[in-house]
Amino acid sequence: MPHVVFLIGEAEYRSERTMPQVAWELVERYGWSVSLLQAKDRQNLPGLEALQEADCLVTYLRFRELPPEQLEPIRAYLDSGRPVVGLRTSTHAFRYPEGSPLAIWNHFGAEVFGTPWRFHYGHESSTVVYLHPEAEGDPILNGVDYPFVARSWLYYVLPLPADCRPLLMGRSVGPSPREERVPNPVAWVRTTPRRTFYTSLGHPEDFALPQFRQLLRNGIRWALGESLPPTGA
């Protein structure tokens, strides 16, 4: 039975409410074991010893400044090659002051997911999500009805490195302070040096969308190496 560990720590998108719903959905549907680790503040995320026995790590973090003793089990997990799933702000999970010996963790998004967060198209905008042309028939999209509109404002993450495989694209719609809007990937996978699934979606309203919940479940199951049924059950 897989053990999935969730690291939850951000102050913008109410992940402390939405991610437990995802975790318990995995328990109810598949009988998996889950551990929910929630940050007490920017500098404290207790319980990370759970990563020693984890089969998959799911992160929803933003601008954390954890102490070295809490970073150590995260680094050990990453070095083990076990899978990682990331949502939205996990591309900028850590932010240490320039010159800090821990500032290397500011590159977590690029190291793990292939790219950092660069900018977004404004809080008043939303995103039309549609299929990347090369992802037709990908099992991670089984049971995901697209196109759909997500409340998340689009993140600019281009360019993706060659070892990332885009699944879904996003087009910014609605009011935006930026005149030019470039479509960007909103979900992709990476298989080196570990199985990684990332989506820049994750606004609290997105969790009410069956398409998003299905995508997230599929991404976690794919990261674990499970086969995905055509219906995405």
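Nothing in this text is a laboratory measurement; each read-out follows from the coordinates by a stated rule. Quantities reported herein were computed from a predicted structural model and do not represent experimental measurements. Ideal geometry is used to build each Cβ from the backbone, glycine not excepted, and the neighbour counts take in all protein chains shown.
Worth pointing out:
- Efficiency of FRET between E49 and R118 - r from beta-carbon atoms, R0 35 angstrom, step 0.05: 0.55
- Placing +1 on the Cβ of every Lys and Arg and -1 on the Cβ of every Asp and Glu, with nothing else charged, gives the chain a dipole about its Cα centre of roughly 200 debye.
- Dipole of the chain [Lys/Arg +1, Asp/Glu -1 at C-beta], most positive-end residue of P67, T91, Y156: Y156
- The residue among Y77, S126, C56 whose Cα reaches farthest toward the positive pole of the charge dipole of region 51-164, with charges on the beta-carbon of Lys, Arg, Asp and Glu, is S126.
- Phi angles of region 29-40 translate, via the Karplus equation with coefficients 6.51, -1.76, 1.60 and θ = phi - 60°, into HN-Hα couplings of 7, 10, x, 6, 9, 10, 10, 9, 10, 10, 5, 7 Hz per residue; Gly and Pro are given as x.
- Region 211-228 and region 62-84 have Cα centres separated by 22 Å.
- Protection proxy ranking, peptides 100-106, 16-22, average beta carbon neighbours within 10 Å, highest first: 16-22, 100-106
- Once backbone amide H atoms are built at 1.01 Å from N, L131 has M169 as its partners under 5 Å, excluding neighbours fewer than 5 places away on the same chain.
- Between E28 and V173, the modelled labels are 3.0 nm apart [label points 7 Å from Cα along Cα→Cβ].
- Net charge contributed by nearby residues that have their C-beta within less than 13 Å of F207 (K/R +1, D/E -1): +2
- Extending 7 Å from the Cα toward the beta-carbon at both E226 and F63 defines two label points whose distance is 3.5 nm.
- For the options P161, P193, P97, a Gaussian network treatment of the chain with springs between C-alpha atoms closer than 10 Å singles out P97 as fluctuating the most.
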